[in-house]
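The values are calculated or read from the model by the stated rules, or taken from the named source; none is laboratory data. Fair warning: this is a prediction, and the values are worked out from it, not measured in the lab. Heads up, the Cβs are rebuilt from the backbone with ideal geometry, glycines too, and the neighbour counts pull from every protein chain shown. The accessibility values were calculated without ligands, DNA or RNA, using every heavy atom of the protein model including side chains. Shrake-Rupley method; radii C 1.70, N 1.55, O 1.52, S 1.80 Å.
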Amino acid sequence: MKKIILLGYMGCGKSTIAQNLSKVTNIPFLDLDNCIEKKANLSINEIFEQFGEIHFRKLEHEMFLELLQSSENSIIGLGGGTPCYANNHELLKREDVTSIYLKASIDTLYNRLIHNKSKRPLIANMNEEEMREFIAKHLFDRSYYYHHAQHKVSVDGKAVEETVQDILELLA
Ligand SMILES: Nc1ncnc2c1ncn2[C@@H]1O[C@H](COP(=O)(O)OP(=O)(O)OP(=O)(O)O)[C@@H](O)[C@H]1O
Ligand SMILES: O=C(O)C1=C[C@@H](O)[C@@H](O)[C@H](O)C1
Ligand SMILES: [Mg+2]
């Protein structure tokens, strides 16, 4: 069965866009972070705090494989780091998958994340200046993996509905 996979940096809108795309297409939406939280019965923050990031990356890889193995059509919103660990980027090329990189600029990401960092352990304790620097470097490192997606949609300056429309055109 076909999976539509949305990927990209924290705050690029994977969860928001996936939810809206799901409403329009009637294809069920699964958020990888939420699935990990449900299975572990812990929040992402708690998993990082209690077991560390490496353990989280293991859970993330296992959950990604589990979601890909299910026989349902689905829209899957990945975590921001998912393609960058455990060779997950290679899974973005599968034939039963349509993978889409939601590409956002440093400014777009910074402006969204500055108001919304408490649930994101990698940036939760940073001040504004540290955050901008971190996003710039981190995005540069991660771009290599994000570009393994089959498609790329730019989200800068677009309303949620516009990004959803761009994706529908890709899928048509
Ligand atoms: N045009 C837009 N498209 C998508 N999100 C937007 C837009 N404008 C504002 N936002 C806001 O930006 C934030 C995007 O966060 P979202 O949780 O969807 O990102 P994410 O890519 O899933 O992040 P994470 O990797 O941390 O899970 C939300 O708070 C959303 O309301
Ligand atoms: O960019 C990342 O590495 C992360 C993004 C979030 O979606 C979560 O998966 C977690 O906070 C790690
Ligand atoms: Mg998300």
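Regarding the range 24-37, can at least one residue be identified that is among the polar types (S, T, N, Q) and closer than 19 Å to K119 by Cβ?
yes
Counting only residues that are crowded, with 16+ Cβ neighbours inside 10 Å and in contact (Cβ under 8 Å) with a residue 24 or more places away in the chain, which one in the range 123-133 is farthest from ligand 3 (Cβ to nearest atom)?
R132
Would you say S15 is within 23 Å of K93 (Cα to Cα), within 10 Å of ligand 3 (Cβ to nearest atom), hydroxyl-bearing (S, T, Y) and not in a loop (DSSP other than H, G, I, E, B)?
So S15 fits the description; yes.
Inspect all residues belonging to the range 38-56 and state whether any of them is more than 24 Å from G157 (Cα to Cα), open to solvent by 60 Å² or more (accessible area, probe 1.4 Å) and aromatic (F, W, Y).
There is at least one residue in the range 38-56 that is more than 24 Å from G157 (Cα to Cα), open to solvent by 60 Å² or more (accessible area, probe 1.4 Å) and aromatic (F, W, Y).
Report every pair of residues separated by at least 6 positions or lying on different chains whose Cβ atoms are under 8 Å apart, first residue within the range 12-30 and within 12 Å of ligand 1 (Cβ to nearest atom), second assigned to a loop (DSSP other than H, G, I, E, B) and open to solvent by 40 Å² or more (accessible area, probe 1.4 Å).
L21/I27
List, please: which pairs have Cβ atoms under 9 Å, are six or more places apart or on different chains, and start with a residue in the range 41-61 that is closer than 10 Å to P121 by Cα and end with one that is among the basic types (K, R) and buried (at least 16 other Cβ atoms within 10 Å of the Cβ)?
Correct list of pairs: I44/R120; N45/R120.
From the list L92, L65, L109, L139, pick out the single residue that is surrounded by fewer than 17 Cβ atoms within 10 Å (Cβ to Cβ) and not in a loop (DSSP other than H, G, I, E, B).
It is L65.
Would it be correct to say that S143 is free of Cβ contacts under 8 Å to residues at least 12 places away in the same chain and out of contact with any helix residue (DSSP H, G or I) (no Cβ under 6 Å at 6 or more places or on another chain)?
Yes: the conditions hold for S143.
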